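Read the structure below first, then the notes.
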Amino acid sequence: MRLIATPDAAAAAVAAAAEIAAACREAITARGLALIAVSGGETPWRMLEQLRALDLPWERIHLAQVDERIAPRDDPRRNLARLAQILVHDGPLAERQLLTMPVEADDADAAAAGYQRLLEQLAGAPLRIDLVQLGLGIDGHTASLVPGDPVLEVADRDVAICGEYQGLRRMTLTLPAIDRARRRLWLVTGTAKAARLAELLDAESADGAPSVRVRRADATVVADREALAHAAPS
């Protein structure tokens, strides 16, 4: 696991965007297209604003969601509106290349299976996403893989539905999908994440946080000074 330390959240967003751009260029050179999956959040939004300004072959880049809340399209808790605004409406990504999780479907499990098939059409089966960008919750969750949820043990699907968390169920990439990706990029900022980031870097968690179960090979952590407050000195 590689660590990129930055002075603040703004610098972390710039560094993370550069990591995604490098993964896109590598994938396009090797396979003709790039499939990237991103998480939501204020620092990831900054990251995507930096990414959209970079000179990339956007016509060959497809962007998927790591997870999404099961809620109506106009629900402010959804990530979709911000993603579309930053990358499609105000950015260079074609709408058809923003692969939105179908969380409005009546049958959520069938919709999750359909989303997996959509990603496999681009990246093959078994699914190998070029880069998965992950966040880190103060309870140690990542994606919508939350402590104690049965979705953590799903081994036969790459997209699944988790139980209720903070009032909503969610569609999420599973651990096998995240672990099979060619790269994992953690973006972690703020003092509230410091204790969990220290656990992630040490690969140890007293309460078995989901984040420490994610594959460490080919993984990069971009973190700001505040998030690294509890990290052991190098």
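The values are calculated or read from the model by the stated rules, or taken from the named source; none is laboratory data. Values in this document were obtained by computation on a predicted structure and should not be read as measured data. Counting neighbours? That spans all protein chains shown, and the Cβs are built from the backbone with ideal geometry, glycine included.
Listed values, structure above:
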quantity: Residues satisfying the stated conditions in the stretch 166-179, i.e. surrounded by fewer than 17 Cβ atoms within 10 Å (Cβ to Cβ) and polar (S, T, N, Q); calculated: Q166
quantity: Total residues in the stretch 22-32, condition among the aliphatic types (A, V, I, L, M) and more than 10 Å from L131 (Cβ to Cβ); calculated: 2
quantity: Number of positions in the stretch 48-91 that are part of a loop (DSSP other than H, G, I, E, B) and buried (at least 17 other Cβ atoms within 10 Å of the Cβ); calculated: 7
quantity: E19 being assigned to a helix (DSSP H, G or I) and either in contact with a Leu (Cβ under 7 Å, 6 or more places away or on another chain) or crowded, with 17+ Cβ neighbours inside 10 Å (or both); calculated: yes
quantity: Tally, over the stretch 180-234, of residues that are modelled with pLDDT of 95 or more, of a type in the set (S, T, N, Q) and surrounded by 15 or more Cβ atoms within 10 Å (Cβ to Cβ); calculated: 3
quantity: Residue in the stretch 22-39 that is among the acidic types (D, E), in contact (Cβ under 8 Å) with a residue 12 or more places away in the chain and within 21 Å of T189 (Cβ to Cβ) present; calculated: no
quantity: Failed condition for A203, given (1) in contact with a Cys (Cβ under 7 Å, 6 or more places away or on another chain); (2) on the phi > 0 side of the Ramachandran plot; calculated: (1)
quantity: Candidate set: the stretch 129-139, residues that are surrounded by 17 or more Cβ atoms within 10 Å (Cβ to Cβ) and over 15 Å from E42 (Cα atoms); chosen: the one nearest to the chain's Cα centre (by Cα); calculated: V132
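Rundown of residues vs (1) within 21 Å of T220 (Cα to Cα); (2) of a type outside the set (D, E, K, R); (3) within 14 Å of the chain's Cα centre (by Cα), yes/no style:
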{"residue": "A22", "(1), (2), (3)": "yes, yes, no"}
{"residue": "E26", "(1), (2), (3)": "yes, no, no"}
{"residue": "A34", "(1), (2), (3)": "yes, yes, no"}
{"residue": "A37", "(1), (2), (3)": "yes, yes, yes"}
{"residue": "M47", "(1), (2), (3)": "yes, yes, yes"}
{"residue": "A53", "(1), (2), (3)": "no, yes, no"}
{"residue": "P57", "(1), (2), (3)": "no, yes, no"}
